[in-house]
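One structure is given below, encoded as structure tokens.
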């Protein structure tokens with residue numbers, strides 16, 4: 001569909017399930033499509049140990065395998081995947097201008113599918129010992145702690161699921177919950193059966209990640225009711241307290257965000273900037289599920305095709 005060599009039909013920002021699905025649809029229809037990804041192709045899905053609720057996989061599927069299959073399918077139809085960080089986006093006449101690293105990329109349309117990043121605790125020791133005792137991906141880093149004690153922070157579904165996964169490696173896990181457990185009843189019942197391996201501490205806040213001789217040795221916590229503080233020893237800390245949308249690059253773009261930084265869109269998944277669409281977990285009111293992200297990607301692709309056709 002592209003009539004000029006210096007401008008793309010579609011640039012997709014991100015390479016998670018929503019982005020890859022959109023690319024499958026657009027490249028099959030010969031829409032020149034390039035994805036820019038600054039991290040891991042597959043997004044957070046690729047770092048998920050096991051996905052049990054994605055349609056079509058009766059026995060479940062490894063997150064990395066699902067991501068690889070989506071990538072392979074997109075590339076089979078001609079999708080180009082480039083590694084680079086999109087730092088800004090703006091509309092300039094008939095084109096959308098993106099700054100990718102230090103280069104300018106022009107496109108007729110853009111799809112924001114940047115997903116979210118892990119929310120941080122913001123306590124002393126967290127940044128200093130990132131990847132050296134502090135982690136946000138059990139699948140990526142859990143195996144380093146075979147035979148060790150671990151702390152998991154987070155009482156939602158992800159925190160409980162990852163704590164359970166980490167029992168494959170750790171001898172014991174202390175699960176720290178800021179208030180009360182908010183995981184599903186199914187997960188809480190399963191958690192109860194693992195009380196010999198996972199100890200749950202409710203109504204505690206993490207005050208500091210403590211290290212000695214450049215090695216994490218535990219966490220200093222405060223009991224909310226009493227204000228008393230104590231040390232819980234561990235060899236590593238895994239944090240699962242939610243996600244933050246990857247939308248900082250949209251500052252000054254004219255793309256409207258909601259109160260938490262997610263991208264607003266109309267019924268066609270088009271943002272407040274003409275020709276700029278959104279799909280997946282970064283979209284306001286998204287359901288934060290892989291299946292719905294894939295649906296978003298397909299829908300966005302169809303709307304982008306309609307937009308391109310109407311503009312010719």
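What follows draws every value from the coordinates through simple rules; no lab data is involved. Fair warning: this is a prediction, and the values are worked out from it, not measured in the lab. Every residue, glycine as well, gets a Cβ built from its backbone with ideal geometry; the counts of neighbours run over all protein chains shown.
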## Note on the structure
Here the residues of the range 98-137 lying in the modelled label zone of residue 92, meaning backbone nitrogen under 17 Å from a point 7 Å along Cα-to-Cβ, are 98-110
### Query
Given a cut-off of 20 Å, what percent of all Cα-Cα pairs of the range 1-113 lie beyond it?
42 percent
### Query
Against the longest principal axis of the chain, how steep is helix 63-76, in degrees 0 to 90 to the nearest 10, with axes from Cα atoms?
10 degrees
### Task
Would you kindly give the portion of the calculated P(r) for the range 251-312 that falls above 17 Å, as a percent of all Cα pairs?
38 percent
### Message
I need the peptides 180-186, 105-111 ranked by packing, meaning the mean over residues of other C-beta atoms within 10 angstrom, with the highest value on top.
### Response
105-111, 180-186
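Could you work out the relative contact order of the range 120-239? I mean the mean sequence separation of Cα pairs under 8 Å and 6+ apart, divided by the number of residues, in percent.
Relative contact order of the range 120-239: 32 percent.
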### Task
With both partners inside the range 120-239, how many of the DSSP beta bridges are antiparallel, as a percent to the nearest 5?
45 percent
### Message
With an 8 Å Cα cut-off and a minimum separation of 6 or more residues, compute the relative contact order for the range 11-147 in percent.
### Response
27 percent
### Contact order relative to length of the chain, as percent, for alpha carbon pairs under 8 angstrom and 6 or more apart
20 percent
### Task
Treating the angle as unsigned and between 0 and 90°, give the value, to the nearest 10°, between the Cα long axis of helix 17-28 and the longest Cα principal axis of the chain.
20 degrees
### Task
Could you work out how far the C-alpha centroid of the range 164-227 sits from that of the range 284-306, in angstrom?
35 Å
### Debye intensity ratio in log₁₀ form over the Cα atoms of the range 150-217, taken at each q of 0.17, 0.26 Å⁻¹
-0.59, -1.18
#### Entry: Cα Rg over Rh - the chain, Kirkwood
1.03
### Query
Under a plain spin-label model, where a point goes 7 Å from the Cα along Cα-to-Cβ, how far apart in nm are residue 203 and residue 73?
4.8 nm
### Query
Just how far, in whole angstrom, is the range 238-276 from the range 124-141 if you go by their alpha carbon centroids?
27 Å
### Query
Average projected area of the Cα convex hull of the range 93-216, in nm²?
11.5 nm²
### Query
Against the longest principal axis of the chain, how steep is helix 157-166, in degrees 0 to 90 to the nearest 10, with axes from Cα atoms?
60 degrees
### Distance histogram in 10 Å bins (all Cα pairs of the range 155-267, percent per bin)
12, 34, 27, 18, 8, 0
### Query
Under a no-solvent Debye model with one identical scatterer per Cα of the range 206-312, what's log10 I(q)/I(0) at q = 0.12 Å⁻¹?
-0.62
